[in-house]
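These notes are about the structure you will find just below.
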């Protein structure tokens, strides 16, 4: 079979993935000067061009990978894996690594060095993990992999943007519903025009009409656009920081969990793609993930790249192979010509967010549809840690806006909000989500021994601090690593594992 590189549905996929990638770049351009003191000129001249190299390389690779799969299987419905900058790592690196360095030094160069150090180390961890992740993919219940993805999709992807949409109903609600309805009903517009593009253009038209009529529904950002040719340049700062350390090793408590988060999230994305009909090899898919992040660091980007969740959403849009390659090329051109922020001078961000709502809904639905019906309870159990992590994000954002540190606010919560329980579930929530779903799924199948082993793994992870361990300080909540970092949880999981072994013995008897 001669696989087609581009079909009509790729336009829809390109619009959606382009907006998804663009949102991350806009966050970088907005938050780096605001939170970390890195001037916009440095963002446009160094960080974004470095990210462009990684994004274009990864998108071209995953398009080629999809083309190979289509040729090998003789299918014409293969969809490439979506790829771009990881939102959760972006926020974590900004607020928990780069911002503290800025507060300590007020030196943008040192802030940037800390970012590329974290990016490089994260990529190395992801690359190493690519060679040992396949056994986990084969042995873990599908409910464990998909429920964790659904939790992220429902909370970190959908909910925050849903709030933003309903804060600007005049320009955002209509495009959102048009996108969701068009894709859910699989509507085809005349002449093959992408439904997502039409919805966004309609939202832009409404916004500008209201603006011209004097209704304050949309205010373009102020300030000049940093147009110009910004070619990516290789830089050894990341390697120098890795060798010298310079106090940056203390941020391993952030870097390691984020690298594991990216690795497990990418593994879950592969499982999600397989559930939608496209099985990709684990090792090369994850290896490119790590290589892309390493390349980004060596070209000056401080933010890891990763596989995006949402493959079934792009597939449902009709996207196949070419949408990913086209996205990588266009995004890299925007970065290299300093045109990223120019988009917001014309297109209100709120009109584009319906695509992310669609992706979140599809991922949540898939977790229940593509697992055995008996495992629906396990999927629901796996959602709990993600909901707790989302709750903590809202609490932390509110406290920061009020200028009240958590340490001072703790006594005021009382029994109305068990804040320590929220924090415990938040720490390592992606791992905990998979563990909860696995324990319940194994128990439903009466595989109590496997359930017990999962409990013992959770006990070990709690003991070393990868899940549930935290400390509340004047600077905020920080993860705690070390032997017996969370002894209560380690003991509780171990006791649960012993009970599971007793059930296994009773079953055999």
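Since every read-out is calculated from the coordinates, none of them should be taken as a lab result. Note that the structure is a prediction, hence the values are computed from the model and not measured. Don't worry about glycine lacking a Cβ; one is built from the backbone with ideal geometry, like all the others, and counts go over all protein chains shown.
Observations, loosely collected:
- Förster-model FRET efficiency, 35 Å R0, residue 508 and residue 369, C-beta, rounded to 0.05: 0.55
- Semi-axes of the equivalent ellipsoid of the chain are 34, 29, 24 Å, computed as sqrt(5λ) over the eigenvalues of the C-alpha gyration tensor in descending order.
- Potential lengthening between residue 484 and residue 71 on full extension [0.36 nm per residue; Cα-Cα distance subtracted]: 143.5 nm
- Computed on the Cα trace of the stretch 374-508, the radius of gyration divided by the Kirkwood hydrodynamic radius gives Rg/Rh = 1.05.
- Label zone of residue 106 (point 7 Å out along Cα→Cβ, amide N under 13 Å): in the stretch 32-56 this covers 37.
- This ranking places 278, 235, 76 by how few other beta-carbon atoms lie within 10 Å of each, fewest first, which gives 76, 235, 278.
- Once you reduce the stretch 94-121 and the stretch 276-301 to the center of their Cα atoms, the two points are 24 Å from each other.
- Efficiency of FRET between residue 34 and residue 240 - r from beta-carbon atoms, R0 25 angstrom, step 0.05: 0.35
- Between the alpha-carbon centres of the stretch 146-186 and the stretch 311-334 there is a gap of 19 Å.
- Taking label positions 7 Å along the Cα-Cβ direction at both residue 252 and residue 181, the computed distance is 5.5 nm, reported to one decimal.
- Cβ-derived FRET efficiency at R0 45 Å, residue 464 paired with residue 202, nearest 0.05: 0.30
- Neighbour-count order for 173, 419, fewest beta carbons within 10 angstrom listed first: 173, 419
- Multiplying the residue separation of residue 407 and residue 6 by 0.36 nm and removing their Cα-Cα distance gives an extension gain of 138.9 nm.
- Taking 0.36 nm per residue of separation and subtracting the current Cα-Cα distance, fully stretching the chain between residue 222 and residue 495 would add 92.4 nm.
- The simple spin-label model puts a point 7 Å past each Cα toward its Cβ; for residue 139 and residue 209 those points are separated by 6.0 nm.
- By the count of other C-beta atoms within 10 Å, a proxy for reagent exposure, 499, 36, 458 are ordered fewest to most as 499, 36, 458.
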